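Asker: Here's a structure for you.
The values are calculated or read from the model by the stated rules, or taken from the named source; none is laboratory data. Since we're looking at a predicted model, the values are computed, not measured. Methodologically, a virtual Cβ is constructed for each residue, glycine included, from the backbone with ideal geometry; neighbour enumeration extends over all protein chains shown.
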Amino acid sequence: MVGLLFPDDCRVCGAPLKQFGRIPVCPACLRSPRAFSGEYFCSSCRTPFANSFPLDASGRCALCRLGAQGFDAAYSFGAYEGTLRELIHLFKFEGVRSLARPLGEFLAAALPRDVRLDAVVPMPLHWRRRWRRGFNQSALLAAEVGRRCGIPVIHGARRVRATAPQAGLTNSRRRANVARAFAASRRRPVRGLRLLLVDDVLTTGATAAACSRALRSAGASFVAVLTLARADRRVPHPRQPAAEGRP
Ligand SMILES: [Zn+2]
Ligand SMILES: [Zn+2]
């Protein structure tokens, strides 16, 4: 029974928590995610690279050259790995909503100070998924960013079509999966506004691009995407040792 009187263990590293609080993660784990620091960035979407090789003369990456992005810029705090990944999982899939505040701090830190913005827009969830999860994680994050940066939040986009989860799909299938999944809200006009679309993770950017296109076609003059984490394309995928011919 004595155990009930003491705080829990950290949900990330398992160390006993020394203080009662709303956040079930220790201060060391909350401090540990590292922001991206790269020498080379795509001038358009800000994806970091290890060298200038993937960038063209104007500093853009291949995806931006192909016009596949649909947004004007993309900022992320760090790589989708380690403690940051665990914190996002706790927040999104295990419903630890109190993490919105520290995660919102990371988002605010990733937003360049010189970008002029009129409104923050959360990435919408389809109502069915929102109902199942009980909350829209992007809306909680957007509220934190808006509060910290002094920018109003408007629910300017909505999901008009439920889509299958993106995980496990190829790039082109991801684009096809989310095409026409979004529309601008009729109640919150975005015409002429410079928007910051907030989401938790940017993988191929297909979802963010589809939502950005809907906002642009409703008249938004600029759409930047802000996420906590993105797949860091600097990290080479290690080749798996050949498994053929082994027992
Ligand atoms: Zn910890
Ligand atoms: Zn790019």
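Asker: How about region 140-184: which of its residues are under 21 Å from F91 (Cα atoms) and among the β-branched types (V, I, T)?
Answerer: Listed by number, the residues that qualify are V145, V153.
Asker: Looking only at helices (runs of 4 or more DSSP H) that fall completely inside region 63-152, which ones have 1 or more residues that are β-branched (V, I, T)? Quick ask: steps written out before the conclusion?
Answerer: Numbers: elements: 82-93, 100-110, 127-133, 137-149.
Per the criteria, 82-93, 137-149.
Asker: Conditions first: (1) over 16 Å from the mean Cα position of the chain (by Cα); (2) within 18 Å of T47 (Cβ to Cβ). T204 passes all but one, so which condition is the exception?
Answerer: Exception for T204: condition (1).
Asker: Pairs needed: first member in region 123-150, closer than 21 Å to A214 by Cβ; second member anywhere, modelled with pLDDT under 90; C-beta distance under 6 Å; at least 6 residues apart or different chains.
Answerer: Pairs found: H126/A162; R128/A162; N136/L125; N136/R130.
Asker: Kindly provide the set of residues from region 170-192 that are outside any loop (DSSP other than H, G, I, E, B) and either under 20 Å from L117 (Cβ atoms) or in contact with a Ser or Thr (Cβ under 7 Å, 6 or more places away or on another chain) (or both), ordered by number. Show your work before the answer.
Answerer: Here is the first cut: in region 170-192, the residues outside any loop (DSSP other than H, G, I, E, B) are 171-178, 182-184.
Matches in region 170-192: N171, R174, N177, V178, F182, A184.
Asker: Here are L84, L107: which of them is among the hydrophobic types (A, V, I, L, M, F, W, C), touching a residue at least 40 places away in the same chain (Cβ under 8 Å), surrounded by 14 or more Cβ atoms within 10 Å (Cβ to Cβ) and more than 16 Å from ligand 1 (Cβ to nearest atom)? Lay out the reasoning, then the answer.
Answerer: Numbers: L84 fails: more than 16 Å from ligand 1 (Cβ to nearest atom).
Answer to the selection: L107.
Asker: Let me ask something else. Yes or no: V153 modelled with pLDDT under 85 and surrounded by 14 or more Cβ atoms within 10 Å (Cβ to Cβ)? First the steps, then the outcome.
Answerer: Numbers: modelled with pLDDT under 85: no; surrounded by 14 or more Cβ atoms within 10 Å (Cβ to Cβ): yes.
Spelling it out, it is not the case that V153 is modelled with pLDDT under 85 and surrounded by 14 or more Cβ atoms within 10 Å (Cβ to Cβ).
Asker: On to the next question. Name the single residue, out of those in region 8-50 being polar (S, T, N, Q) and away from ligand 2 (no atom under 16 Å from the Cβ), that is surrounded by the most Cβ atoms within 10 Å (Cβ to Cβ).
Answerer: Step one: list which residues in region 8-50 are polar (S, T, N, Q), which gives 19, 32, 37, 43-44, 47.
Then drop every residue that is not away from ligand 2 (no atom under 16 Å from the Cβ), which leaves 19, 32, 37.
Details: Q19: 8, S32: 16, S37: 7.
The selected residue is S32.
Asker: Out of everything in region 39-62 that is closer than 27 Å to L90 by Cα and in contact (Cβ under 8 Å) with a residue 40 or more places away in the chain, what residue ends up being farthest from ligand 1 (Cβ to nearest atom)? Walk me through how you get there before you give the answer.
Answerer: If we filter region 39-62 for residues that are closer than 27 Å to L90 by Cα, which is where we start, we get 46-48.
Next, only the ones that are in contact (Cβ under 8 Å) with a residue 40 or more places away in the chain stay: 47-48.
On the way: T47: 29, P48: 27 Å.
Filtering first and then ranking leaves T47.
Asker: Would you mind telling me which numbered condition in (1) touching a helix residue (DSSP H, G or I) at 6+ places or on another chain (Cβ under 8 Å); (2) surrounded by fewer than 19 Cβ atoms within 10 Å (Cβ to Cβ) R65 fails?
Answerer: (1)
Asker: Please pick out the residue among L169, L99, L125 that is within 14 Å of the chain's Cα centre (by Cα), aliphatic (A, V, I, L, M) and surrounded by 13 or more Cβ atoms within 10 Å (Cβ to Cβ). So that I can check it myself, show each step before the final result.
Answerer: Values: L169 fails: within 14 Å of the chain's Cα centre (by Cα); L99 fails: within 14 Å of the chain's Cα centre (by Cα).
Going through L169, L99, L125 in turn, just one is within 14 Å of the chain's Cα centre (by Cα), aliphatic (A, V, I, L, M) and surrounded by 13 or more Cβ atoms within 10 Å (Cβ to Cβ): L125.
Asker: Shifting gears a bit: Of the residues S98, S37, which is polar (S, T, N, Q) and modelled with pLDDT of 90 or more? Working first, answer last.
Answerer: On the way: S37 fails: modelled with pLDDT of 90 or more.
Just one listed residue meets the conditions, S98.
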